[in-house]
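Right, one structure below, let's go through it.
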Amino acid sequence: MSLNISEPLSQLYQNWLSEDRAMEAALRELRDWMNEVEQLGIPRFGETATRLQPLHDRLVKHFEREDEMIAELASSLVEPSAEFDHLRFESTNEHGLMLAHLEDLLERLGETDPPFRSWQAAMQEVEKFIHRLEQHESTETRSIGILLKEST
C-alpha cells in the first residue's frame, strides 16, 4: 500500500492527534468530577447523566471528524489496501457500538430509579466505558500512524 505523503496528510495526522488530545481532556475532566463526587459519598445518578450528555455530543462530532479524516486518507491511496479497508470498517463499527453503549448509560442513569445495584456499580460502568473509549482511540491513532509510516 502506498500513500502520497504530503503536507496535507501530515496536517491531517496533526489534526487527528489534536482531536485525541481534546478527547483526553474531556475524559480527564469527567474523571475528576467522578472522583470529587466519590469523595462526597452522595450518589448523583441524574447529574452523571447530565455530565455525560456533553461527552456524547462531543463524541458524535469527534467520530464524524475521524470519519472525514479517514475518507481524506482513503482519497490519497494510490492503490486499494486491505489494511486500510479493515481500519475503516473497524473504526465505523466501533464508533456505532460506543455511541450506543453511551446512550444506554445515559438512559439508565437518567431514570427516576436507576437500575444499578449501587452508585459504585454505576460509576464502574462509566469508568469501563471511558477505558474502552481510550483503548479505541489509542488503537485507532496507532493504526493511522502505522499506515502513514508504511507508506513512506
log10 I(q)/I(0) for segment 104-145, Debye formula on C-alpha points only (no solvent), q = 0.22, 0.29, 0.30 Å⁻¹, two decimals, reads -0.71, -0.95, -0.99
Helix 82-109 versus the longest principal axis of the chain: what is the Cα-based angle in degrees, 0 to 90, to the nearest 10? 10
Mean projected area (nm²) of the alpha-carbon convex hull when segment 7-151 is viewed from all directions: 8.8
Rounded to the nearest 10 Å², what accessible area does residue 136 have for a 1.4 Å probe in the complete protein model? 20
With all protein chains present, how much of the accessible area of the chain (probe radius 1.4 Å) comes from carbon and sulfur, to the nearest whole percent? 50
With the other protein chains left in place, how much accessible area per residue, in square angstrom, belongs to the chain at a 1.4 angstrom probe? 57
What list of ³J(HN,Hα) values in whole Hz, one per residue of segment 132-146 in order, does the Karplus curve 6.51 cos²θ - 1.76 cosθ + 1.60 (θ = phi - 60°) give from phi, with Gly and Pro shown as x? 4, 4, 4, 4, 4, 4, 5, 5, 4, 5, 4, 5, 4, x, 5
Computed [θ] at 222 nm, helices only, for the chain once each DSSP H run of length n ≥ 4 contributes -39500 (n - 2.57): -30000 deg cm²/dmol
Accessible-area value, residue 32, 1.4 Å probe, nucleic acids and ligands omitted, Å²: 80
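The values are calculated or read from the model by the stated rules, or taken from the named source; none is laboratory data. As the structure is a prediction and not an experimental result, all values here were calculated from the model. For the accessible areas, the whole protein counts, side chains as well, though only heavy atoms, and no ligand, DNA or RNA atoms are used. Shrake-Rupley method; radii C 1.70, N 1.55, O 1.52, S 1.80 Å.
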